[in-house]
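One structure is given below, encoded as structure tokens.
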Amino acid sequence: MHNPIDIAARATPRPVARRLRGLSDRAIAWIFVAPTIFLLLAINIFPLIWTIRLSFTNYAANRPNREVEWVGLRNYSRILTDADTWANMQSTAHFLIWTITFQVVIGFTLAWLINRKFKGNDLLTTLIVLPMMLSPAVVGNFWTFLYQPQIGLVNYAVEAVAGIPASSFSMLGPGGWARWAIVIVDTWMWTPFVMLICLAGLRSIPDYIYEAAEVDRASKWRQFWTITLPMALPFLMLAVLFRGIENFKMFDMVTLLTGGGPGNETLLTSIDLKREAFEKWRTGYASAYAIILFVTVFGLASIYVKALNKVKER
Amino acid sequence: MKIAQLAGSAAIALLSANAAQAQQTELTLCWAAWDPANALVELSKDFEAESGIKMKFEFVPWPNFADRMLNELNSGGKLCDLMIGDSQWIGGSAENGHYVKLNDFFDANGITMDAFVPATVTGYSEWPKNSPNYWSLPAFGDVVGWTYRKDWFERPEIQAAFKEKYGRDLTPPATFAELKDIGEFFQGREIDGKTVYGLSIYTERGSEGITMGVMDVLYSFGFLYENPEKPYEMEGFVNSPGAVAGLEFYKSLYDCCVAPGTSNTYMGEGIDAYKSGQVAMQMNFAFTWPGFEVDPNVGGGKTGYLVNPAGPDGQQFAQLGGQGISVVAYSEKQDAALEYIKWFAKPEVQSKWWSIGGFSCLRAVVEDPAFATSQPYAQTFLDSMAIVKDFWAEPSYASLLQASQKRFHDYVVAGNGTAKEALDGMIADWTEVFEDDGKL
């Protein structure tokens, strides 16, 4: 009689209880799930369908008085045949590939080094994760100063190490360095995130596996390749997925650092999309652009998640 | 006696109620966050005292100003009752119903556009251009000009070195060719133990910076936006030989005479470079000039002001800046907003506006005999306002602007392609925009 469920059931107001009594479990389940489904439809699915519809029109959100025309596939063909779009895709791919590569290599190495017991371990971990706690706006402005050819530390460091005069080159200016400059900043900021995920993976490996390997006289190198890496791989792949999705959307930090320049060198697709949608107000065109990017990310992410599941099943 | 007391009480209550109602009215004025906005806050205290209407301000830094405010207008937002919007917004804001048309209000209150500097009326108030349809009152006149380190120019050893190299006196440049010579002369020179550079010019990529800078030069080299006889015909005008030479010249200024790392600079960076003694000459809007006069490093007679130099054929134009003040159509306090505009248009208010750092557009103020000598930069401002040209103010100005930003930055800063290719590409981009708009 004092079961909490019974108490809760008795607390249900009688009229409500009477109405629910005739409903099946499935119907009650639907009642509970309905608000979530409604919200999902309203916030995600409806805007997606609306965006698809807009992508076939010349609609401009800032010109409500203009007649909206159905333009068929024109927006899509314009985007896909525009050399600038492909150049922006290349810039995005360069940013994605290199940031993820550096972050995975450095993040995993840091996690592996920190996954040992030594004095000051906690303090060191806290210091390493500091950059990812900063706002991208702060990081963007901060690195703009670091990259400044006359007062920036980066140029002075290069001068000290390589002997190249500090004011003779600009990391954010012409000369081909800008693409690498944004990769460096993103790597500095987000490597700690990858490190934390890898650390979780490394700490989830039971010690007895290593002990068994020691008994079998497996070398450290072999232990790394046959135990550490395979068992931490699902975590590593998860980190790659998170960083991939995040960096595909990269906007704030790069806007602050380069504004997409010099020329279009660091004009990532997300920056271009924002300009089309909210500066030029070509809503129809921007909708088509967004759908193309959505399909690209969704497709790549689906393939990747399948691969991730296979790795987990191993 | 009782009746008299009652009547007295009623009158007091009525007056208090009116005063309370006026106190309750609060107007929000939206503008960019910069020095003139602070001056306007100061000026508006008089309006508050006079009308009992409280003024609130929403100022957004320049790099985000257009984004933030155009979003506000496009979404029919009620944040702003009064908007001091950029001159290029006028077409879109008029055609899309963001601004209240002011013709009837002006007529009813005896405000005439003849009382304002003609270029500011065309630039800030009219849409379509050159038609008597007014959507704003010229509020803040602005134009791109140059400042130079007068104290450096006057130093005998620098003058002697310049004369030796160029065979003429070091004077403020009258032509762009002379300006480049001066930029080259100062580039990398040691002054007071510090390495200085020649020029600060606009190179910003994200919003409008490099377009404002390039256009400021291109006009004087013969660039035209379109065929004067046939609107929207751009071939041979945007990419005329003069325009190509102008763009090449701008790139040569960037290559020869700017400080290292200035690949993304606009107004703020220009101010910093000049005030810190990094450059000898600086391209910037006139609004920056009052700030230099009071600066401990470059104020007190150390700065000279210069109208945009002439091009190779003697043509001399300058890029218009500045804004008009408009009533937002979505405001629920339009009457109070119009009251503010009526007050702002008064000659005595305009006169005070100028005295505290606002660049008035009222002819009674700028044509006053005492105006030219009222500030060291007053005459330069007047002369510059007489030669202004402005970027497209079409409803699709943002698309046109983004195209020019991309083409100019790609050529001037990134060094890709040729000037002709950049201008040809810009024509292609602009043609697409006008085709989408049904104008071609």
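The values are calculated or read from the model by the stated rules, or taken from the named source; none is laboratory data. Quick caveat: nothing in here was measured; it's all calculated off a predicted structure. Cβ coordinates were reconstructed from backbone atoms using ideal geometry, including for glycine residues, and neighbour counts include every protein chain displayed. The area values use the complete protein model at the heavy-atom level, side chains included, leaving out ligands, DNA and RNA. Shrake-Rupley method; radii C 1.70, N 1.55, O 1.52, S 1.80 Å.
Compare each residue of segment A:279-297 in its chain alone against the assembly with all protein chains, and report those whose accessible area goes down by 20 Å² or more; 1.4 Å probe, heavy atoms.
So the qualifying set is A:GLU279, A:LYS280, A:TRP281, A:ARG282.
Defining a contact as two alpha carbons under 8 Å apart and six or more residues distant in sequence, what relative contact order in percent does segment A:103-214 show?
41 percent
Between B:VAL258 and residues 5 or more places away or on another chain, which pairs have amide H atoms under 5 Å apart, with H built 1.01 Å from N, and which residues are they?
Distant-sequence amide H within range of B:VAL258: B:LEU199.
For chain B, what are Rg and Dmax over the alpha carbons, in angstrom?
Rg and Dmax of chain B, Cα atoms, are 23.8, 96 Å.
Within chain A, count lysine pairs with alpha carbon atoms under 26 angstrom apart where the residues are 8 or more positions apart or belong to different chains.
The number of close lysine pairs in chain A is 6.
Of B:ALA370, B:SER331, B:ASN416, whose Cα points farthest to the positive end of the dipole of segment B:323-440 (charges on the beta-carbon: +1 Lys, Arg; -1 Asp, Glu; origin at the Cα centre)?
The listed residue farthest towards the positive side: B:ALA370.
Find the relative contact order for chain B and round it to a whole percent, using C-alpha pairs within less than 8 Å whose residues are 6+ positions apart.
24 percent
Going by amide H atoms built from the backbone, whose H comes under 5 Å of the H on B:THR175, apart from near neighbours?
B:ALA310
For segment B:260-277, in order, what is each residue's ³J(HN,Hα) by Karplus, 6.51 cos²θ - 1.76 cosθ + 1.60 with θ = phi - 60°, in whole Hz (x at glycine and Pro)?
x, x, 9, 9, 8, 10, 9, 4, x, 5, x, 4, 4, 4, 6, 5, 7, x
Calculated from DSSP H runs of 4 or more alone, at -39500 (n - 2.57) each and per residue, what is the 222 nm mean residue ellipticity of chain B, nearest 500?
Helix contribution divided over all residues of chain B: -13500 deg cm²/dmol.
Can you pull the three principal axis extents for the Cα set of chain A, in Å, largest first?
Largest to smallest, the principal-axis extents are 85, 75, 33 Å.
What shape does the protein assembly as shown have by the C-alpha gyration tensor, where a ≥ b ≥ c are the square roots of the eigenvalues, rounded means a/c under 1.5, and otherwise prolate means a/b greater than b/c and oblate the rest?
It comes out oblate by the Cα gyration axes.
Using Cα springs under 10 Å in a Gaussian network model of chain B, which residue among B:GLN282, B:GLN315, B:GLN187 shows the largest mean-square fluctuation?
B:GLN315
Please tell me the relative contact order of segment A:74-313 in percent, rounded to the nearest whole number, where contacts are Cα pairs under 8 Å and at least six residues apart.
It comes to 29 percent, rounded to a whole number.
Given the DSSP H assignment, sum -39500 (n - 2.57) over each helix run of at least 4 residues in chain A and divide by its residue total; what's the result at 222 nm in deg cm²/dmol, nearest 500?
-22500 deg cm²/dmol
Where Lys and Arg each count +1 and Asp and Glu each count -1, what net charge lies around A:TRP98 among other residues with Cβ under 13 Å from its Cβ?
Net charge around A:TRP98: +1.
List the GluC sites (Glu not before Pro) within segment A:52-159 that DSSP assigns to loop and that have no more than 11 neighbouring Cβ atoms inside 10 Å.
Taking segment A:52-159 and a limit of 11 other Cβ atoms within 10 Å, the loop GluC sites (Glu not before Pro) found are A:GLU67.
Just the Kirkwood number for segment A:171-296, please: inverse of mean 1/r across all distinct Cα pairs, in Å, one decimal.
Here the Kirkwood hydrodynamic radius works out to 17.7 Å.
Accessible area of segment A:74-313 with a 1.4 Å probe: how many percent of it is carbon plus sulfur?
The nonpolar share, carbon plus sulfur, comes to 71 percent.
Provide the per residue accessible area, probe 1.4 Å, for segment A:74-313, rounded to a whole number of square angstrom.
I get 50 Å² per residue for this part.
Could you tell me which of B:PRO228, B:GLN379, B:PRO290 has its Cα farthest along the dipole of the protein assembly as shown towards the positive end, charges placed at Cβ (Lys, Arg +1; Asp, Glu -1), taken about the Cα centre?
Farthest towards the positive end: B:PRO290.
Give the distance, in whole Å, between the Cα centre of segment B:378-440 and the Cα centre of segment B:24-59.
One Cα centre to the other: 33 Å.
Starting from the amide H of B:THR28, placed 1.01 Å from N in the peptide plane, find each other amide H under 5 Å away whose residue is 5 or more places distant or on another chain.
Here B:LYS56, B:ASP81, B:LEU82 satisfy the definition.
Am I reading the A/B interface right? What is its buried accessible area, both sides, 1.4 Å probe, to the nearest 100 Å²?
For A against B, buried area totals roughly 2500 Å².
Find out how many positive minus negative residues lie around B:GLY357, taking Lys and Arg as positive, Asp and Glu as negative, among other residues whose Cβ is under 14 Å from that of B:GLY357.
-4
Restricting attention to segment B:316-353, which GluC sites (Glu not before Pro) occupy a DSSP loop and are surrounded by at most 14 other Cβ atoms within 10 Å?
B:GLU332
Quick one: accessible area per residue over segment B:338-399, 1.4 Å probe, rounded to a whole number of Å²?
Heavy-atom SASA per residue in segment B:338-399 reads 37 Å².
How large, in percent, is the carbon and sulfur part of the accessible surface of chain B at a probe radius of 1.4 Å?
Carbon and sulfur atoms account for 53 percent of the accessible area of chain B.
Would you jot down the residues in segment B:252-292 that end up with at least 10 Å² less accessible area in the complete protein assembly than in the chain alone, with a 1.4 Å probe?
Listed by number, the residues meeting the 10 Å² cut-off are B:TYR254, B:PRO260, B:GLY261, B:SER263, B:ASN264, B:GLN278.
Going by a 1.4 Å probe on protein heavy atoms, which residues of segment B:413-434 end up with at least 10 Å² less accessible surface in the whole assembly than in their chain alone?
B:VAL413, B:ALA414, B:GLU432
State the answer as a single residue: which of B:VAL60, B:ILE158, B:SER125 lies farthest towards the positive end of the charge dipole of the protein assembly as shown, with beta carbon charges of +1 for Lys and Arg and -1 for Asp and Glu, about the Cα centre.
Ranked along the dipole, the leading option is B:VAL60.
So which trypsin sites (Lys or Arg not before Pro) in segment A:188-234 pass both tests, a DSSP loop state and at most 16 other Cβ atoms within 10 Å of the Cβ?
A:ARG217
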